[in-house]
Amino acid sequence: MASAEPGQLRTAEDGETLQATGDWTLPHYGALRRVTKARSSAPSQLILDGIQRLDTAGATLLAELVGAERLRRIAETSPDIAPAHRALLITVADAMTGCGVLPPEPRRGPLELLARMGLALTDAAGKARLLIGFIGAVLVCAGRSLVTPRRWRFSALLHHMESTGLNAVPIVALLTFAVGAVIAYLGATVLGQFGASVYTINLVAYSFLREFGVLITAIVLAGRTASAFTAHLGAMNANEELDALRAQGLDPVELEVLPRVLAVVLMLPLLSFIAVLAGLAGGGLIALTVVDVPLPLFITVISEVPLNHYLAGLVKAPFFAFLIAVIGCLEGFKAGGSARSVGAHTTSSVVQSIFVVILLDALAAMYFMEIGW
């Protein structure tokens with residue numbers, strides 16, 4: 001049970017000596033913390049004979065008040081301290097010796113918010129700098145391999161093309177088909193109020209040719225492929241397999257990163273084309289069943305869409321693919337030797353890939369609008 005008298009620090013007549021009294025235990029930790037914080041400096045002398053009860057919480061506060069080494073000397077030289085209290089104080093002092101200064105308590109308010117923003121910006125700048133450096137290393141490795149055909153790894157390239165591209169066709173097609181149907185249904189509902197339901201075909205065609213085809217495909221690959229790259233390379237890093245490659249004089253970027261990057265760069269445009277077809281099919285199904293647009297009219301409207309709208313979407317695919325693959329591989333290289341680190345970097349790779357893809361897509365959309373494309 002908690003004592004009716006929490007611990008106190010009483011000042012002696014000389015004004016420099018403090019006497020600890022009462023219970024220095026965990027139930028009174030809040031009050032004891034305020035008592036010790038009220039002291040701006042350590043006392044010249046501390047008397048511990050008046051302590052009734054003591055546990056590790058109270059002993060820690062006393063050590064923070066006068067210092068761990070000094071608390072040990074006081075405990076050893078004070079004859080009237082209870083043996084159990086002396087042993088506990090010495091044990092806590094020994095445990096806290098060499099721990100350094102305790103970190104300050106976090107501040108609350110605008111300054112703390114600004115500090116967090118500064119740390120976030122510094123961290124983002126560091127990640128961006130590291131990503132740019134890794135992109136340079138990948139490009140240098142690609143250029144070196146390009147002039148040396150014997151270094152090409154076709155088997156690894158085909159394997160990654162199958163795992164990242166061919167195996168992703170069902171989910172990409174199904175997802176874009178559903179999105180195309182939803183866009184067509186919403187367009188028919190809104191445009192039907194103005195007697196312009198037939199323009200639902202144009203809405204689906206332009207949205208998928210310019211944006212949704214490549215964007216949805218890139219987001220799917222960011223969640224599916226970037227995470228797989230990070231998890232695989234992170235596990236290799238944890239098992240010291242990458243270090244083993246370096247010890248043999250081999251380049252992990254050439255062996256593990258380059259085939260993955262090339263596979264994604266080659267497969268994302270093809271998947272985007274499939275996504276466009278699936279999205280148009282989903283929109284066409286709704287147009288035929290809800291808007292009652294005949295199939296020949298649907299095909300005619302689609303065929304009259306200028307080619308530059310499809311190229312505006314397709315030209316973004318290689319850049320999206322390159323960044324997704326590079327970010328996934330870089331996060332795998334950064335993963336530490338624990339499963340927790342691999343999981344954290346896997347999550348980070350997905351978040352960064354999706355963020356970069358959406359940001360780059362927005363910048364490209366504004367650029368194409370400015371040049372009239």
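The values are calculated or read from the model by the stated rules, or taken from the named source; none is laboratory data. All values derive from a computational prediction rather than experimental measurement. For neighbour counting, all protein chains shown are included, and Cβ atoms are generated from backbone atoms with ideal geometry for every residue, glycine included. Accessible surface is based on the protein model in full, side chains and every heavy atom, while ligands, DNA and RNA are left aside. Shrake-Rupley method; radii C 1.70, N 1.55, O 1.52, S 1.80 Å.
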### Task
Note the listed values (1) 32, 26, 23; (2) 34, 22, 22; (3) 66, 29, 17, then indicate which one is semi-axes √(5λ) of the Cα gyration tensor in Å calculated from this particular structure.
(3)
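Sort 30-37, 284-291 by packing, meaning the average of other beta carbons within 10 Å per residue, with the highest value first.
Details: 30-37: 15.0, 284-291: 19.2.
The densest-packed peptide leads the list: 284-291, 30-37.
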### Summary
Calc'd 3J(HN,Hα), segment 113-124, phi into Karplus 6.51 cos²θ - 1.76 cosθ + 1.60 (θ = phi - 60°), Hz, glycine/Pro = x, comes to 5, 5, 5, 5, 5, x, 5, 5, 5, 5, 5, 5
### Task
Provide the per-residue ³J(HN,Hα) series for segment 146-157, in order, calculated from phi with Karplus coefficients 6.51, -1.76, 1.60 and θ = phi - 60°, each as a whole number of Hz, with x at glycine and proline positions.
5, 8, 10, x, 5, 8, 5, 10, 5, 5, 5, 4
### Summary
For segment 162-213, the percent of accessible surface on carbon and sulfur atoms (probe 1.4 angstrom, ligands and nucleic acids excluded) is 75
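Run lengths n ≥ 4 of DSSP H only: what is the helix-derived mean residue ellipticity at 222 nm for the chain, with -39500 (n - 2.57) per run over all residues, to the nearest 500?
Details: 16 runs with 250 residues, N = 373.
Helix contribution divided over all residues of the chain: -22000 deg cm²/dmol.
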## Note on the structure
So, relative contact order of segment 202-335 in percent, Cα under 8 Å, 6 or more apart, is 56
### Of 298, 324, 312, farthest towards positive along the dipole that unit charges on Lys, Arg, Asp, Glu beta carbons give segment 240-373
298
### Message
Within 10 Å of each candidate Cβ there may be at most 15 other Cβ atoms; applying that plus a DSSP loop requirement, which GluC sites (Glu not before Pro) in segment 203-302 survive?
### Response
240
### Message
Please compute the length gained on full extension between residue 285 and residue 199, using 0.36 nm multiplied by the number of residues separating them and subtracting their Cα-Cα distance.
### Response
29.5 nm
### Task
Step through the residues of segment 67-77 one at a time and calculate ³J(HN,Hα) from phi using the Karplus curve (6.51 cos²θ - 1.76 cosθ + 1.60, θ = phi - 60°), rounding each to whole Hz and writing x for Gly and Pro.
x, 5, 5, 5, 4, 5, 5, 5, 5, 6, 9
## Note on the structure
So, relative contact order of the chain in percent, Cα under 8 Å, 6 or more apart, is 17
### Coil-residue trypsin sites (Lys or Arg not before Pro) of segment 309-373, DSSP, other Cβ within 10 Å capped at 15
none
### Query
Going by a ≥ b ≥ c, the root eigenvalues of the Cα gyration tensor, does segment 16-79 fall in the rounded group (a/c under 1.5), the prolate group (a/b larger than b/c) or the oblate group?
oblate
### Span from the segment 79-93 Cα centroid across to the segment 204-248 one, whole angstrom
58
### Task
Please list, in chain and number order, the residues 5+ apart from residue 50 or on another chain whose amide H is under 5 Å from its amide H, with Hs placed from the backbone.
20
### Loop-located chymotrypsin sites (Phe, Trp or Tyr not before Pro) in segment 106-171, at most 15 other Cβ atoms within 10 Å (DSSP)
152
### Task
Pull out a ≥ b ≥ c, the square roots of the eigenvalues of the alpha-carbon gyration tensor of segment 232-348, then state rounded if a/c is under 1.5, prolate if not and a/b is larger than b/c, and oblate in the remaining case.
prolate
#### Entry: Debye, to nearest 20: dipole size of the chain, +1 on Lys, Arg Cβ, -1 on Asp, Glu Cβ
540
### Query
Within straight cross-link reach of residue 37, meaning Cα distance under 15 Å, which aspartates and glutamates are found once same-chain residues fewer than 8 apart are removed?
64, 105
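Under the classification rounded if a/c is under 1.5, otherwise prolate if a/b is larger than b/c and oblate if not, where does segment 58-99 fall, given a ≥ b ≥ c as square roots of the Cα gyration tensor eigenvalues?
Details: a/c = 1.81, a/b = 1.67, b/c = 1.08.
Since a/c reaches 1.5 and a/b is larger than b/c, the shape of segment 58-99 is classed as prolate.
Assigning unit charges at the beta carbon (Lys, Arg +1; Asp, Glu -1) and nothing else, what dipole magnitude in debye, to the nearest 20, does segment 41-186 show about its Cα centre? Walk me through the numbers before you get to the answer.
Values: 14 positive and 11 negative charges, 198 e Å.
For segment 41-186, the charge dipole is close to 940 debye.
Using a 1.4 Å probe, what is the accessible area per residue for the chain, in Å²?
54
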